[in-house]
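The values are calculated or read from the model by the stated rules, or taken from the named source; none is laboratory data. This is a predicted model, so every value here is computed, not measured. FYI the Cβ positions are ideal-geometry reconstructions off the backbone, even for glycines, and counts take in every protein chain you see.
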2 protein chains.
Amino acid sequence: MNQVNLKQLAQELGLAVSTVSRALRDSHEISQETKDRVQALATKLGFQPNPYASSLRRNKSKTIAAIVPEIENNFFSQAINGVELVAKQKGYHVLIYLTHEDFHHEQEILQLLRNGRVDGLMISVSNTTTGTEHLEACRKAGLPIVSFDRVLDEIDVPKVTTDDTEVSFRAVEHLIKKGCTKVAFLSMSDNLSISKRRQSGYKKALDKYLPDGWEQVVQCSPDDAHNRQLIAGLLEQADPPDGIFAAVEKFAINTYQVCQELNIHIPGKLKVIGFSNLSATALFHPPLSTIVQPAYEIGREAATILFKLIENKKLLPTENKIVLPSQLILRKSTAKSSL
Amino acid sequence: MNQVNLKQLAQELGLAVSTVSRALRDSHEISQETKDRVQALATKLGFQPNPYASSLRRNKSKTIAAIVPEIENNFFSQAINGVELVAKQKGYHVLIYLTHEDFHHEQEILQLLRNGRVDGLMISVSNTTTGTEHLEACRKAGLPIVSFDRVLDEIDVPKVTTDDTEVSFRAVEHLIKKGCTKVAFLSMSDNLSISKRRQSGYKKALDKYLPDGWEQVVQCSPDDAHNRQLIAGLLEQADPPDGIFAAVEKFAINTYQVCQELNIHIPGKLKVIGFSNLSATALFHPPLSTIVQPAYEIGREAATILFKLIENKKLLPTENKIVLPSQLILRKSTAKSSL
């Protein structure tokens, strides 16, 4: 016997499918009389509710969310392009939400998303995020989550990152091999594990090559003017650095701006290397040595994992923590002194 | 006498507010018996439906959409920041959708948005968009729309743009005054009125200063590699230009890359000016002269107008077409020859 479905029940009874569905769920919006009629026919025809129906109902938005701190940074815009490629193949739309590095705003967005607006979300947290409750609440509500780039170690969701510690170590090692003895680190936020990993790569290189030597960490912010002040202070101090390792594209740009203003020669007086996904850094004067993250691939992998979760597929153990290698692109900003 | 509202009706009848509301709208989901009970009490207590209720119901998503072609271009990311500022003040969330310059994808997004997911939308169309039906359909469905930057002249919605023709004229005039006699224009798309306006500024400057002289328009694309090929061809032809005016940031960057590769000196051999909102162009070698659009302000104005529409406020006649001036930032890429 063919299985009876909701539509057939509705046709037989002369009711809307939604009414039959509500009646079977004992909705308060449906009269008892109607409920009785529906239930009687359902029993008579042997109607079995589809066990997948409710999960299909949950996954009907055909939309996923990508939550990122900002999009002026090329890393995030490239990562989103990777996400969009996968979503397009799956026939999904991507909603992009910006937190503007504001934890409270991030909490609001996640609260909004708990109500079935999307089938899953990918997030790179803000640098002011200090807790995981907002993510836990989404996870408990059954919303699949994948964390990428700026991940929170405390929460048990799949994570896609790059090899921050290793590539930071290599960047600082490179500065030292080019003659730097006083390398400063421009850091973004103490809250983020990604910052800690980049700083730990910096520390490891110093410990290996310059133990008990010069060391300085400057806590930068999203505010360019404030960063330029901090960097100018750093470069004008009595014992200034001869090398800078910038944790974020923005800070490397801020450093160049300050050097232009103070007439500090790069790489003669100061060598600079920084994380950046801006291809135009090759056009800088001098061209900037960069750590290029596999931004597009990180977005693509994060989305691929997310769709596995949405489709209730099992993840391989290796898929819970994916680490994609970054690339060191060496240019003139870290060349041996040309002064 | 105090006005009776839905909640009081519902309490009196022992029903949910949503049930009462549906019953009054003669919904097929509610039994006739319930409808009769609700109607009887409504008449008895002199219930008057709130004329604003349905518009409030429409405006309950507390979300607006910003649809843009891409976010790797700093113009759009800055415009979105302007949108987000206004939305935040209004307690609204912003959904960002990317069309990736794909008309079909843009149509899909607008179809999705017709179903009440957002209270209004702002759009800067893709460069492959050739019709307005998708926008007309949203407008007819009662969804407020504001068009910004890349606007379609054919559709009657408020538009926020910059003075493309005038500032393009001034940029080309500047190249000519610095000694250029053969200025090429790198254009983005024949479909867009914004491209036509920028090209018309270019033409006007040539007509005024170099009538019947050298003229060349190169149709570029979103594909960097393809653009670099086109630009290399342009610069290696028998009678190459001595000045380039780039309609989009990307094309100015492509020009620099080609000049670096072919060892063409800027500004000695070729002067370059382009639309760009990337502050790092000041760090280029040589620093790039740019037309800086008021991106943040365009986003802010577009969102302000959109909220007026959402809140059913009357627009001033001047608010239907807002034109914000761009700024010419002159740097070394257009300086008098230093060779």
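Of note:
- Across the stretch A:9-48, the number of residues qualifying as over 21 Å from B:E33 (Cβ atoms) and within 12 Å of another protein chain (Cβ to nearest Cβ) comes to 1.
- In summary, A:S221 fulfils each of the numbered conditions (1) under 22 Å from A:E72 (Cα atoms); (2) in contact (Cβ under 8 Å) with a residue 40 or more places away in the chain with the single exception of condition (2).
- Residues that are under 28 Å from A:L98 (Cβ atoms) and free of Cβ contacts under 8 Å to residues at least 24 places away in the same chain occur at least once in the stretch A:138-145.
- B:R114 out of contact with any strand residue (DSSP E or B) (no Cβ under 6 Å at 6 or more places or on another chain) and surrounded by 22 or more Cβ atoms within 10 Å (Cβ to Cβ): no
- Residue match in the stretch B:309-316 (condition: surrounded by 24 or more Cβ atoms within 10 Å (Cβ to Cβ), more than 14 Å from chain A (Cβ to nearest Cβ) and touching a residue at least 24 places away in the same chain (Cβ under 8 Å)): no
- The residue of the stretch B:168-183 that is farthest from B:G233 (Cα to Cα), among those that are crowded, with 23+ Cβ neighbours inside 10 Å and touching an Asp or Glu at 6+ places or on another chain (Cβ under 8 Å), is B:C180.
- Some residue of the stretch A:71-82 being in contact (Cβ under 8 Å) with a residue 24 or more places away in the chain, more than 11 Å from chain B (Cβ to nearest Cβ) and over 22 Å from A:E301 (Cβ atoms): no
- Counting only residues that are at pLDDT 95 or above and of a type outside the set (S, T, Y), the stretch A:178-196 holds 8 of them.
- Test for A:I264: is it of a type in the set (A, V, I, L, M), farther than 22 Å from A:V167 by Cβ and modelled with pLDDT of 95 or more: yes
- Of note, A:E108 satisfies the criterion of being assigned to a helix (DSSP H, G or I) and of a type outside the set (F, W, Y).
- Any hit, the stretch A:141-152, residues being under 15 Å from the mean Cα position of the chain (by Cα) and more than 29 Å from A:S61 (Cα to Cα): no
- Inside the stretch B:220-251, residues that are among the β-branched types (V, I, T) and closer than 21 Å to B:T181 by Cα make up a count of 2.
- Taken over the stretch B:37-65, the criterion of being modelled with pLDDT of 75 or more and not in a helix (DSSP H, G or I) is satisfied by B:S61, B:K62, B:T63, B:I64, B:A65.
- Of the residues making up the stretch B:263-276, none is in a helix (DSSP H, G or I) and on the phi < 0 side of the Ramachandran plot.
- Residue in the stretch A:157-164 that is crowded, with 18+ Cβ neighbours inside 10 Å, more than 23 Å from A:E249 (Cβ to Cβ), at pLDDT below 95 and not hydrophobic (A, V, I, L, M, F, W, C) present: no
- Selection of the stretch A:83-129 for residues being within 10 Å of chain B (Cβ to nearest Cβ) and of a type in the set (F, W, Y) yields only A:Y97.
- Residue match in the stretch A:116-125 (condition: in contact (Cβ under 8 Å) with a residue 12 or more places away in the chain, acidic (D, E) and within 15 Å of A:V160 (Cβ to Cβ)): no
- Members of the stretch A:234-262 that are outside any helix (DSSP H, G or I) and under 22 Å from A:I291 (Cα atoms): A:P241, A:D242, A:G243, A:I244, A:F245, A:A246, A:A247, A:V248
- Of everything in the stretch A:233-274 that is surrounded by fewer than 17 Cβ atoms within 10 Å (Cβ to Cβ) and touching a residue at least 60 places away in the same chain (Cβ under 8 Å), the residue that is nearest to the other protein chains (Cβ to nearest Cβ) is A:H265.
- Of all the listed residues (B:V151, B:V146, B:V118), the sole one being β-branched (V, I, T) and within 21 Å of B:P222 (Cα to Cα) is B:V151.
- The stretch B:278-306, subset part of a loop (DSSP other than H, G, I, E, B) and buried (at least 22 other Cβ atoms within 10 Å of the Cβ), residue farthest from the other protein chains (Cβ to nearest Cβ): B:Q293
- Single residue of the stretch B:19-36 satisfying the filter (over 22 Å from A:L13 (Cα atoms) and crowded, with 17+ Cβ neighbours inside 10 Å) that is modelled with the lowest pLDDT: B:L24
- Of everything listed in (1) within 17 Å of A:I298 (Cα to Cα); (2) over 18 Å from the mean Cα position of the chain (by Cα); (3) hydroxyl-bearing (S, T, Y), the single unmet condition for A:S168 is (1).
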